[in-house]
1. Given a cut-off of under 8 Å on Cα pairs at least six residues apart, what relative contact order in percent is computed for the stretch C:2-277?
2. In terms of the ratio Rg/(2.2 N^0.38 Å) built on C-alpha atoms, what value belongs to the stretch A:11-342?
3. Listing A:19, B:154 from the residue with the fewest other Cβ atoms within 10 Å to the one with the most, what is the order?
4. Tell me the label-point distance for the pair residue C:61, residue B:107, using the 7 Å Cα-to-Cβ offset, in nm and rounded to one decimal.
5. Beyond 33 Å, how much of the Cα-Cα pair distribution for the stretch B:4-231 remains, as a whole percent?
6. What is the Cα radius of gyration of the stretch B:130-233 over 2.2 N^0.38 Å, N being its residue count?
7. If you take the alpha carbon radius of gyration of the stretch A:53-133 and divide it by 2.2 N^0.38 Å, what ratio comes out, to two decimals?
8. Once you compute Rg and the Kirkwood Rh from C-alpha atoms, what is the Rg to Rh ratio for the stretch B:71-146?
Amino acid sequence: MAKQSKDHVKVERYTRTSRVALPVAAAIVIAAATIPAWGSSAIMKQSVTLLTLIGLAQMWNLLAGYAGLVSVGQQAFVGIGAYTLWVFADKFHLNPFASVIFAGIVAGLFAIPTAGLAFRLRGGYFAVGTWVIAEVFRLIVTQIKWLGGGSGFTIGSVNSVSRHARESITFWLALGVAVGSIVLVYFLLRSKRGLALTAIRDNDLGARGLGVNITRSKLWVYIIAAAGTGMVGSVIYLNLLRVQPEAGFSLQWSALMIFSVVIGGLGTIEGPIIGAVIFFILQQVLSDYGTWYLILIGALAAGVVVFAQRGLWGTLVRKKAVDLFPVRRRLCLETVCFTEETPRKSGEEPGRLPSEEPPAV
Amino acid sequence: MSLLELESINSGYGHFQALFDVNLRIEEKETHAIIGANGAGKSTLLRTICGLIKTEPADKVRFDGQAIGAMSPHKRVGLGISYVPEGRWVFPSLTVHENLQVGAHSKRTGVWNIDKVYELFPLLARLKNRQAFGLSGGEQQALSIARGLMSNPRLLLLDEVSLGLAPVVVEKIYQAMPAIVDSGTTVLLVEQDVGQAMKFADRVTCMLEGRLVLEGAPGEISQEAIFAAYFGV
Amino acid sequence: MVWVNDIIQGILLGGLYALFAAGLALVFGVMKLVNLAHGDFSILAAYLALAFVGLLHINPFYTLIIVIIIMAIFGYVIQRGLFNFAMDAGPMQAILATFGIAIIIQNLLLEGFTANSKGLDAGKIENAVITISKQIAIGWFPLTTLIVSVVVLVALQWFLGRTRTGRAFRATADNQRAAQLMGIDNRHLYGMAMAVALAIVAIGGVFIGIRTTFSPSAGPLRLIFAYEAVIIGGLGSLWGTLVGGIVLGIAQVLGDHIHQGYGILVGHLVFLAILAFRPQGLFARQVQ
């Protein structure tokens with residue numbers, strides 16, 4: 001009896017689509033890596049924009065989509081990444097491209113005290129709290145002459161190599177952070193801590209009941225996301241070269257990552273990639289019309305978040321059960337498969353009723 | 001036509017089904033008790049009636065002949081359905097008096113008004129200006145029932161009135177029952193305390209694992225039958 | 001004596017911040033929504049006033065009535081048309097929807113009115129002062145602002161405490177489901193709450209537009225000031241928002257006194273210090 005059921009019931013992570021997806025993705029990455037050999041300077045610059053957007057979106061998705069931390073202050077770490085790069089490369093005379101690593105480390109270190117304060121706030125107040133802290137970083141940087149004050153600086157050390165070499169290395173770094181962010185989120189979610197995170201997202205109280213240390217798990221995610229965002233930030237400024245506090249710590253970075261994730265699909269690995277691509281295309285197509293692209297994307301994001309909550313990718317997955325990067329396990333009974341995750345219902349959630357009751361006095 | 005008619009209701013929370021093919025009629029001016037063990041689906045039944053859980057198709061729940069299954073709770077209050085929730089749900093930062101005023105939000109008129117409910121529960125009149133979060137469990141329960149009456153309901157749903165209260169306190173609260181019944185209000189109450197339920201009800205229905213298993217007048221059904229229905233033996 | 005003057009100016013500035021904070025606190029209290037577009041709504045109100053001033057050639061004070069009405073209607077419509085659905089989807093979705101609206105408003109204003117700073121000219125009152133001593137002078141306009149904000153808070157308190165709708169607001173804030181069981185239509189009520197909040201923020205927007213210049217990108221900072229005032233004062237406390245606003249105002253004026261341009265930073269640091277050492281705020285309401 002037991003033997004028979006063993007034959008018919010198995011737990012799977014991979015679907016047919018996902019088995020195909022991995023080699024295809026690998027082929028795309030390898031093909032993309034050859035761009036510096038044949039692509040123009042403009043193509044490389046544009047590619048860096050798209051790839052870093054994917055990296056930013058992945059990191060924000062890790063934060064909000066998996067740990068439930070809605071931050072609108074991640075621009076702090078973009079700015080810190082840019083400034084760290086400049087300090088290590090131009091002031092300490094380290095290799096500017098290797099300094100990307102330090103950008104990640106320093107951003108991660110700054111995330112610790114930031115979390116110490118912001119984690120005292122819940123939900124929407126957390127969101128604005130992180131924003132205030134990003135503003136504080138900006139204002140402090142503006143006051144420090146050693147960091148260029150209000151007018152900022154230009155990263156000069158990269159001119160030690162030829163322009164093509166600089167653009168090529170920057171491109172590969174951007175490809176690295178984009179792919180790295182996807183791989184990081186993928187393995188993080190498959191780890192024990194990742195499963196705990198998913199448990200937190202789906203049911204805070206239940207996860208606590210299972211002995212998951214929620215605050216510590218969230219803190220880790222926050223630090224990792226900050227470090228990742230810092231690294232991406234430094235790559236962005238290897239591309240742009242001119243750093244100003246107003247731009248480096250701008251709310252626009254948050255708008256970029258949030259809209260990409262929301263449009264693509266919160267809480268999926270594929271979503272931020274799709275969202276970043278859509279964002280990038282709209283930005284390019286509408287580049288002659290001022291900021292209308294942001295208005296359009298903002299409206300799209302607000303519409304998607306309300307009426308297609310799981311984003312464009314999430315809506316597609318729910319219908320077709322396509323998972324390119326499977327982080328969920330599926331229980332397969334001969335032909336019928338059930339995913340672990342239950343679809344979130346909108347509107348009435350009677351299951352939540354009892355927790356709202358004030359305790360009897 | 002009965003005041004309330006439920007027709008083969010299957011209901012629950014999310015993926016969890018708590019009611020199976022429930023058929024129930026409540027007549028005007030009747031006092032009807034639902035008894036049953038923990039988790040038998042009694043509270044789910046009341047929440048289906050008051051609108052915290054919606055029903056499809058809408059005409060499976062009818063109130064005074066009108067299909068209400070898809071209606072929001074606040075609209076059902078306007079029709080005269082008032083639900084006194086398990087756990088009381090008083091508004092903690094409002095005073096007792098304000099809690100009662102909010103209870104009258106629907107502007108339905110009738111025999112009950114703020115003076116009448118203070119007469120019914122004199123202890124509330126004394127606590128009038130106290131914030132509700134400082135009240136004892138019994139006081140909160142009295143307030144919750146009084147607040148429910150403020151909308152002058154045709155059908156009053158009482159969910160586990162005696163839960164977590166000392167027997168003396170329960171006795172005191174149930175002293176208000178005859179006055180409520182005499183005012184012409186139809187009462188549907190859910191109780192684990194079978195003794196209390198039998199004392200006031202014209203009819204008793206026993207639930208087991210989401211199904212109605214026994215129905216009758218308290219005088220007609222035997223202790224053994226109730227015992228069997230309650231525990232499913 | 002210079003310090004006394006600073007503190008007086010800080011208190012007057014705090015009155016203005018309280019106007020922003022009250023609306024934010026009201027919306028959070030009633031529907032647990034942090035409206036990230038709150039500051040941008042105030043800028044929108046200032047631009048509306050500017051448009052009416054240009055159209056009708058009247059003092060911006062007179063445009064207040066129509067701006068308040070428009071913003072209130074706008075608040076009700078956007079709540080019922082978008083935010084209510086976002087809140088159904090989940091608390092995170094609700095925050096993100098308000099963020100989307102914030103970015104849309106900022107960029108629409110940018111397209112419509114350019115990035116240049118604008119101001120509202122209210123005439124003589126802007127420069128009129130009451131001179132108390134050589135170093136202490138109270139501007140008529142900042143004083144009017146403080147008085148208006150106190151009047152608004154008193155009116156709001158009366159509304160919440162004494163009217164049927166006000167009680168419904170408080171009941172919903174306490175327990176939304178229980179409020180529904182009393183016959184309160186929560187979707188309509190949320191619309192009303194947003195309408196009241198935007199009416200108040202419209203007053204704040206026009207007053208700050210008279211006091212200083214504004215540009216399409218000024219909204220986020222207004223949101224942050226409102227938010228800091230709310231947290232400093234303590235969540236759920238109406239008068240706490242005034243105290244929070246005043247603490248923030250004094251911190252900013254003193255900061256600017258120490259070093260030109262330090263004001264906003266010092267305000268943020270005071271906020272962070274409160275967050276670190278008294279996260280419940282100065283006047284947290286004592287429930288549970």
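Just so you know, all these numbers are worked out from the coordinates, no wet-lab data involved. Just so you know, these numbers come straight off a predicted model, no measurement behind them. We place every Cβ from the backbone using ideal geometry, glycine too, and count neighbours over all the protein chains shown.
1. Values: 463 pairs, mean separation 110.1, N = 276.
This gives 40 percent for the stretch C:2-277.
2. Details: Rg = 19.8 Å, N = 332, 2.2 N^0.38 = 20.0 Å.
Ratio of Rg to 2.2 N^0.38 Å for the stretch A:11-342: 0.99.
3. Values: A:19 10, B:154 20.
In order of increasing Cβ crowding within 10 Å: A:19, B:154.
4. Result for the modelled spin labels: 3.7 nm.
5. On the way: 3338 of 25878 pairs.
Counting pairs separated by more than 33 Å, the tail of P(r) holds 13 percent.
6. Numbers: Rg = 15.0 Å, N = 104, 2.2 N^0.38 = 12.8 Å.
That works out to 1.17 for the stretch B:130-233.
7. On the way: Rg = 13.9 Å, N = 81, 2.2 N^0.38 = 11.7 Å.
Here the Cα radius of gyration is 1.19 times the empirical estimate.
8. Values: Rg = 12.2 Å, Rh = 12.8 Å.
The Rg/Rh ratio comes out at 0.95.
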